[in-house]
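Q: Take this structure first; my questions come after.
Read-outs throughout are calculated quantities, based only on the coordinates presented, and are distinct from any laboratory measurement. Remember, predicted model here, so these are calculated numbers, not experimental data. FYI the Cβ positions are ideal-geometry reconstructions off the backbone, even for glycines, and counts take in every protein chain you see.
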Amino acid sequence: MSTIAVLGTLDTKGLEHAYVAELIRQRGHQTLIIDMGTGAPPQITPDIPREVVAATGGVDLAGIVARQDRGEAVAAMAGAGAVLLSKLVAEGRIHGVISLGGGGGTAIGTAAMRALPVGFPKLMVSTLAAGNVAPYVGTKDIVMFPSIVDVSGMNRLSRVLLARAAGAICGMVETSVPEAQDKPLIAASMFGNTTTCVNAAKQILENAGYEVLVFHATGTGGKIMESLVESGIISGVLDITTTEWADELVGGILGAGPTRLDAAGKAGVPAIVTPGCLDMVNFGERATVPVRFAGRTFYQHNPQVTLMRTSPEECAELGRILAEKVNAYRGPVEVLLPLNAISIISAPGQPFYDPQADKALFDSIKQHLKPEVPVIEMDCEINAPEFSAACANALLQMLS
């Protein structure tokens with residue numbers, strides 16, 4: 001029998017949490033109801049009162065209540081909830097967590113969930129689930145479940161949706177997880193325009209006895225990859241797709257932040273770095289592209305994604321950034337340059353073919369790299385079999 005934490009602000013949403021808890025118990029699981037409220041007394045009796053939550057996180061609950069600052073209260077309980085849930089998981093007392101909320105409840109619930117390991121079942125029923133959930137999910141596997149209606153009383157629609165949510169968290173907890181393979185892990189970055197390259201390199205690495213985790217270079221993917229490298233579980237990095245830096249520099253929507261490419265250097269693990277897809281900056285629908293980019297070269301990847309070709313000036317700056325990031329690596333690192341194309345669409349005859357921009361990128365990389373960093377230049381496209389093999393074999397050589 002598993003125990004599922006039902007966590008929320010029980011002063012305003014106690015009845016809704018009680019409904020979900022009852023459905024979970026009907027499935028044969030135990031519940032641990034945790035009160036995260038700071039206002040009126042809870043509508044139901046919790047298993048863990050708010051005072052215990054606050055004390056566990058070192059929060060002066062009485063002082064916060066006296067100041068009547070909602071923002072301070074949300075931030076404080078979010079931090080305390082993270083400490084409490086981490087403790088419960090470490091002690092083996094809970095096997096999943098579900099929370100319901102609006103703005104404040106979502107901030108509190110997801111902050112607590114972000115403190116938990118990847119793979120631990122976590123589900124947030126939220127009024128914000130249909131919007132930009134990146135600030136709430138972060139780099140963790142939090143399932144965001146749209147509440148559709150506000151979490152404010154029970155009605156014919158909320159009963160159905162909350163029942164489905166209860167079933168979802170039960171299903172997550174009930175599902176047995178296959179045992180992990182005892183193989184060293186490689187982290188690889190991939191985009192649609194480098195899929196052929198990464199898949200071929202992945203096969204070579206797997207044949208050599210490694211397990212390869214592939215991350216989609218969409219901003220969040222890069223952040224997650226960096227966090228796992230920092231965690232110490234990654235043996236090597238195949239960073240073929242560094243495109244997130246183009247968005248970070250130029251102002252696209254898929255930037256991964258200024259620390260992208262830092263983790264492998266700090267961890268000292270062997271790494272291969274290539275300028276994959278630095279020819280493109282990502283925007284949403286064509287109408288969302290900022291006016292300041294009028295006159296640039298665009299490619300409609302799909303109705304929701306518009307790509308913009310990076311200019312020679314931007315490529316020169318991207319080359320400097322990539323080189324300076326690599327210069328800081330403490331472990332073995334090599335840079336591979338596919339001189340004929342850094343993506344499918346930058347090859348000769350394709351929409352983003354721009355030899356001047358590519359030359360600015362390659363020249364800048366070589367100019368700013370330290371002399372001791374090996375640079376391998378190849379007269380082929382990034383998705384050519386020989387380039388994939390070169391990347392994989394170079395990493396294997398360093399790992400050996």
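Q: For ILE148 and GLU206, FRET efficiency with R0 = 45 Å and r from the beta-carbon atoms, rounded to 0.05?
A: 0.60
Q: For the chain, evaluate the Debye formula with one uniform point scatterer on each Cα (no solvent term) and list log10 I(q)/I(0) at q = 0.06, 0.15 Å⁻¹, rounded to two decimals.
A: -0.31, -1.17
Q: Using a Cα-Cα cut-off of under 17 Å, which aspartates and glutamates could be cross-linked to LYS370, ignoring same-chain neighbours fewer than 8 residues away?
A: Straight-distance partners of LYS370: ASP262, GLU317, GLU324, GLU334.
Q: Taking the Cα centre of the chain as origin, work out the dipole magnitude from +1 charges on Lys and Arg Cβ and -1 charges on Asp and Glu Cβ, in debye rounded to 20.
A: About 1000 debye.
Q: In the neighborhood of LYS122, defined by Cβ-to-Cβ distances under 13 Å, what is the net charge if each Lys or Arg adds +1 and each Asp or Glu adds -1?
A: Residues close to LYS122 contribute a combined charge of +1.
Q: If one takes the longest principal axis of the Cα atoms in the chain, at what angle in degrees, from 0 to 90 and to the nearest 10, does the Cα axis of helix 195-207 lie?
A: Between the helix axis and the principal axis of the chain, the angle is about 80 degrees.
Q: In debye to the nearest 20, how big a dipole does segment 3-174 give about its Cα centre with +1 on each Lys and Arg Cβ and -1 on each Asp and Glu Cβ?
A: Dipole about the Cα centre, nearest 20: 360 debye.
Q: How much of the DSSP beta bridge set in the chain is antiparallel, as a percent to the nearest 5? Can you show the working numbers first?
A: On the way: 9 of 50 bridges.
Restricted to the chain, the bridges split so that about 20 percent are antiparallel.
Q: When you have a sec, figure out the Kirkwood radius of segment 3-174 from all distinct Cα pair distances and drop it here in Å to one decimal? Please report the intermediate quantities before stating the final value.
A: Working: mean 1/r = 0.0642 Å⁻¹.
In segment 3-174 this quantity evaluates to 15.6 Å.
Q: Now for a different question. Subtracting the Cα-Cα distance from 0.36 nm times the residue separation, let me have the gained length for LEU15 to VAL65 in nm, one decimal.
A: My answer for the length gained is 15.8 nm.
Q: I need to check one value: relative contact order of the chain, counting alpha carbon pairs closer than 8 Å and at least 6 residues apart, in percent. Display every interim value, and only then the final one.
A: Numbers: 831 pairs, mean separation 45.4, N = 400.
It comes to 11 percent, rounded to a whole number.
Q: Picking from GLY138, THR310, PRO374, whose Cα lies most toward the positive end of the charge dipole for the chain (charges on Cβ: Lys, Arg +1; Asp, Glu -1)?
A: Of the candidates, GLY138 comes out farthest on the positive side.
Q: Separate question: If you average the sequence gap of Cα pairs under 8 Å that are 6 or more apart and divide by the length of segment 97-189, what percent do you get for the contact order?
A: Taking the mean separation of contacting Cα pairs over the length of segment 97-189, I get 26 percent.
Q: If the cut-off is a Cα-Cα distance under 26 Å, which lysines reach LYS87, setting aside same-chain residues fewer than 8 apart in sequence?
A: Excluding near neighbours in sequence, the set is LYS13, LYS122, LYS140, LYS223.
Q: Ok, one more. Helix 10-26 versus the longest principal axis of the chain: what angle, 0 to 90°, nearest 10, using Cα atoms?
A: 90
Q: Could you calculate, for segment 252-354, the ratio of the Cα radius of gyration to the Kirkwood radius, expressed as Rg to Rh?
A: Numbers: Rg = 15.3 Å, Rh = 15.1 Å.
Taking Rg over the Kirkwood Rh, I get 1.01.
Q: Ok, one more. In segment 283-316, which trypsin sites (Lys or Arg not before Pro) are in a loop and have at most 15 other Cβ atoms within 10 Å, using DSSP for the loop call?
A: ARG296
Q: Roughly speaking, what is the centre-to-centre gap between segment 22-45 and segment 173-191 when only Cα atoms are used, to the nearest Å?
A: If we compute the Cα centre of each part, the gap is 33 Å.
Q: Which of ILE345, LEU278, ALA5 sits closest to the plus end of the dipole of the chain, meaning its Cα is farthest towards the positive end, when Lys and Arg get +1 and Asp and Glu get -1 on the C-beta?
A: Checked the options; the winner is ALA5.
Q: Let me know the longest stretch in the chain that avoids all GluC sites (Glu not before Pro) found in a DSSP loop with at most 10 other C-beta atoms within 10 Å.
A: Values: sites that count: GLU91, GLU179, GLU372.
Free of exposed loop sites, the longest segment is 180-371.
Q: For the chain, what does -39500 (n - 2.57) per DSSP helix run (n ≥ 4), summed and divided by total residues, give at 222 nm, in deg cm²/dmol to the nearest 500?
A: After summing the helix terms and dividing by the residues of the chain, the value is -13000 deg cm²/dmol.
Q: Evaluate the relative contact order of segment 3-174 (contact order divided by residue number), counting alpha-carbon pairs under 8 angstrom at least 6 apart; express in whole percent. List each step's numbers first, then the result.
A: Working: 339 pairs, mean separation 39.8, N = 172.
RCO, segment 3-174: 23 percent.
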